[in-house]
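One structure is given below, encoded as structure tokens.
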Amino acid sequence: DAAGDPMRARGFTLVELIVIIAVIGILAAAVTPAVFQQVMDSRVRATQDEERTLSGGMVGDQTQSRFGFVGDIGRLPNTLSELRQSDGLPNYTTATTRGIGMGWRGPYVNDGTSSGDYLTDAFGRNYVLNSGQIRSAGPDGTLNNADDIVYPPSAPTTTGNVTATVKTISGGKTVVDPAGYRIDLYYASNGAELTVQDVAAPFSFASVPMGIHAIYVVKTANPGAGNVVAQDTIVIRPGSTTAVELWF
């Protein structure tokens with residue numbers, strides 16, 4: 001028993017305790033930086049993932065012809081909160097030309113585990129939104145330096161161009177861009193339908209918001225001025241030119 005074992009009875013000496021404490025301190029000093037770095041790395045990854053999700057809410061998945069907030073509203077959000085709240089934007093509707101939906105139909109992102117989570121990075125700091133780029137101050141908490149976490153790497157392009165050609169058959173021959181017609185293009189502007197016109201060939205439209213839009217050929221000369229003689233639905237992809245032929 002303990003009474004018969006002098007080594008067990010005496011416990012640790014002061015020197016032994018000092019040695020044990022020193023060893024624990026050395027181990028803690030070696031482990032703590034690695035644990036801290038793992039925590040920082042996991043927060044960086046979480047912030048990167050959330051930024052990609054937020055960006056997807058803004059511009060959608062173009063490979064699937066989904067254009068997110070921009071496709072519905074016609075512009076990038078002014079604030080991240082617009083991805084969760086309409087903030088006075090028109091509600092989504094298909095009571096439009098050719099029934100193409102537009103207007104706010106969010107939320108475009110989930111709110112997270114508590115209200116407002118999507119507004120802050122994994123370090124608990126507010127994101128900064130600028131022209132579609134989402135910026136986190138990163139681990140050091142200081143904006144605009146090397147450890148910032150930014151997505152996408154450059155401001156996204158959200159507009160494209162349209163060129164339209166009007167064609168008809170007359171006297172057994174194809175007539176290209178006959179006189180007496182105009183092109184009407186319909187798309188969302190701040191969530192409401194906007195009509196822009198080009199009244200003479202060559203018909204072209206620049207900086208059209210990405211998404212699905214309607215396009216009409218309208219007669220301008222009598223008889224029949226104002227009649228729609230051809231129409232189509234087109235898809236505008238950012239940074240590209242959509243060429244459409246409209247026959248009547």
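The values are calculated or read from the model by the stated rules, or taken from the named source; none is laboratory data. Since this is a predicted model, take the numbers as computed values, not measurements. Heads up, the Cβs are rebuilt from the backbone with ideal geometry, glycines too, and the neighbour counts pull from every protein chain shown. Ligands, DNA and RNA are excluded from the accessible area calculation, which covers all protein heavy atoms including side chains. Shrake-Rupley method; radii C 1.70, N 1.55, O 1.52, S 1.80 Å.
With respect to Gly103, is the statement that it is under 17 Å from Phe67 (Cβ atoms), of a type outside the set (Phe, Trp, Tyr) and either touching a residue at least 60 places away in the same chain (Cβ under 8 Å) or open to solvent by 40 Å² or more (accessible area, probe 1.4 Å) (or both) true? Here the answer is yes, as Gly103 does meet what is asked. Within the stretch 51-61, the presence of a residue that is over 18 Å from the mean Cα position of the chain (by Cα), surrounded by fewer than 18 Cβ atoms within 10 Å (Cβ to Cβ) and over 14 Å from Ile134 (Cα atoms) is excluded. Figure legend. Inter-residue proximity from the stretch 46-61: first residues within 15 Å of Ile73 (Cα to Cα), second residues among the charged types (D, E, K, R) and surrounded by fewer than 20 Cβ atoms within 10 Å (Cβ to Cβ), beta-carbon distance below 6 Å, spacing 6+ or different chains. Indicated pairs: Gly60/Arg66.
Quick grid of which residues meet (1) open to solvent by 60 Å² or more (accessible area, probe 1.4 Å); (2) more than 28 Å from the chain's Cα centre (by Cα):
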position: Thr157; (1), (2): yes, no
position: Thr168; (1), (2): no, yes
position: Thr174; (1), (2): yes, yes
position: Asp177; (1), (2): no, yes
position: Asn190; (1), (2): yes, no
position: Glu193; (1), (2): yes, no
position: Gln197; (1), (2): yes, yes
position: Pro202; (1), (2): yes, yes
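Against the conditions (1) modelled with pLDDT of 95 or more; (2) of a type in the set (A, V, I, L, M); (3) under 30 Å from Ala192 (Cβ atoms), Leu143 satisfies every one except (3).
Could you pull out every one of the strands (runs of 3 or more DSSP E) wholly within the stretch 136-248 that has 3 or more residues that are of a type in the set (Phe, Trp, Tyr) and more than 30 Å from Gly124 (Cβ to Cβ)?
The strands (runs of 3 or more DSSP E) meeting that bar are 181-189.
Just the residues that are open to solvent by 50 Å² or more (accessible area, probe 1.4 Å) and under 27 Å from Gly103 (Cβ atoms), please, taken from the stretch 205-225. Within the stretch 205-225, Ala206, Ser207, Ile212 qualify. For the stretch 101-119, which residues satisfy the criterion of being out of contact with any Leu (no Cβ under 8 Å at 6 or more places or on another chain) and either of a type in the set (A, V, I, L, M) or modelled with pLDDT under 95 (or both)? Selection gives Met102, Asn110, Asp111, Gly112, Thr113, Ser114, Ser115, Gly116, Asp117. Residues to consider are Thr220, Thr233; find the one that is within 25 Å of Val175 (Cα to Cα) and under 35 Å from the mean Cα position of the chain (by Cα). The conditions single out Thr233. Quick one: how many residues across the stretch 136-147 are touching an Asp or Glu at 6+ places or on another chain (Cβ under 6 Å) and open to solvent by 20 Å² or more (accessible area, probe 1.4 Å)? Total satisfying the criteria: 3.
Taking residues in the stretch 206-229 that are within 30 Å of Pro77 (Cα to Cα) and among the hydrophobic types (A, V, I, L, M, F, W, C), and partners anywhere that are in a loop (DSSP other than H, G, I, E, B) and open to solvent by 70 Å² or more (accessible area, probe 1.4 Å), the pairs with Cβ atoms closer than 9 Å and at least 6 places apart or on different chains are Met210/Thr157; Met210/Arg237. For the stretch 72-93, a residue qualifies if it is of a type in the set (Val, Ile, Thr) and either open to solvent by less than 40 Å² (accessible area, probe 1.4 Å) or closer than 20 Å to Ile212 by Cα (or both), and the qualifying residues are Ile73, Thr93.
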